[in-house]
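The next block holds one structure in the form of structure tokens; read it before the comments.
Just so you know, all these numbers are worked out from the coordinates, no wet-lab data involved. Model, not experiment: these values are computed from the prediction. Using ideal geometry, Cβ is built from the backbone for each residue, glycine included, and neighbour counts are taken over all protein chains shown.
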Amino acid sequence: MMTTADMALKFDPIYRAIGERFVKDPVAFGEAFARAWFKLLHRDMGPKSNYAAGDYKDASYTWQDPIPAAKTPSADQVSKATAALKASGLSNAQMVEVSWASAATFRGSDNRGGANGARIRLAPQRAWAVNNPALLDKVLPIYEKISADTGMSIADVIVLAGSVAIEASSGATVPFAGGRSDARQADTDADSFAYLELRADAFRNYVEKEFAVSPEEMMLDKAQLLGLTPVELTVLIGGMRALGISRTGEGVWSTTGKLDNGWFKTLLSMDVKWEKTGPNSYVAKNRLTGAAVRTATRIDLVFGSNSELRAIAEVYAQDDNNAKFVRDFVAAWTKVMNADRFDLR
């Protein structure tokens, strides 16, 4: 007896040709089986540098998302790149958004994605709607020039830019661990990477369309893929909005671009009443005058309605907790930027 899958190997013209080739060359069949089995068992281990020991061929495969060997930039290189970023004319929000877009692809489920490799400049990530291609077209050429002038990798420049922007908007010191390298398009499986595309990213207040699950549920899924705790999730959302990061423009309630806990204070204000204006949109109206004051999404407001997230938001909204908020935001941000730096663990 045979199943329909078995029969397909006999009657499908493409599968049959493969089968006939293996019948004539059992050695090639054994090699192909070994490669496929190896891929099956190691697909979720990330780059081959994560392999601790074992009997395997010294070969690189595209499915391992190979990246050339990296060199740690010198203090002088970092200093020159920092100065160039400050003089680039880019806003803090632009630098933060591109840094996040590069790093946020990381998935702890299979150790793929992340900022290392700077694949945001390659297909398919360069064209993803969530990554704001128009912004990338403006920012990446500047980063490429800084990379060429300083000798730092583009991947390191992208991450450093986020650190520079956060320091400028907060006065805090943001740790930077250089040592990333730039992947090649030839070593990037575009079809495979397409599955990493974010259809929704709460941190950038982006939802491509309506889905069967709510935006806030998708937010939790992405948070766990990044390995974030509820506290880290909360500080990152509040900090990103304070810095002006929102693809819809909703949820940004300050024009200063300063990294502080003001977003949480505004979120928890009882001076307004929120009214739904769309599937994912709300407007706040003054309780006394009825005037529209600000807008938000479901993602923003869940930090005021969910009991656990609200409790965290209330802690950071306290007048004497601004320093704690900035410190915790920097720690969570650094964690995401280094999520794929397995060499640092």
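Annotations
- Angle in degrees between helix 322-337 and the longest Cα principal axis of the chain, rounded to the nearest 10: 10
- Looking at the stretch 170-216, the trypsin sites (Lys or Arg not before Pro) that sit in a DSSP loop and have at most 11 other Cβ atoms within 10 Å of their own Cβ are Lys209.
- Taking Cα atoms only, the orientation of helix 92-103 departs from the longest principal axis of the chain by about 30 degrees.
- The chymotrypsin sites (Phe, Trp or Tyr not before Pro) of the stretch 65-130 include none that meets both criteria, a DSSP state outside H, G, I, E and B (loop) and at most 14 other C-beta atoms within 10 angstrom of the site's C-beta.
- For the stretch 75-197, the mean projected area of the C-alpha convex hull, equal to one quarter of the hull surface, is 7.5 nm².
- Using C-alpha pairs under 8 Å with a sequence gap of at least 6, the mean separation divided by the residue count of the chain gives a relative contact order of 17 percent.
- Using equal-weight Cα scatterers in the Debye expression, the normalised intensity of the stretch 240-302 in log10 at q = 0.17, 0.18, 0.19 Å⁻¹ is -0.55, -0.62, -0.69.
- Neighbour-count ranking [beta-carbon atoms within 10 angstrom, fewest first] of Ser99, Ser109: Ser109, Ser99
- Structure-derived volume of the Cα convex hull per residue in Å³: which label, when the choices are [x] 182; [y] 117; [z] 160: [x]
- Charge context of Ala123, other residues only, Cβ under 15 angstrom, K/R +1, D/E -1: -3
- Helical content alone sets the calculated 222 nm signal of the chain at -15000 deg cm²/dmol, taking -39,500 (n - 2.57) per DSSP H segment of four or more residues and averaging over every residue.
- Using alpha-carbon coordinates, inclination of helix 75-86 to the longest axis of the chain, degrees: 60
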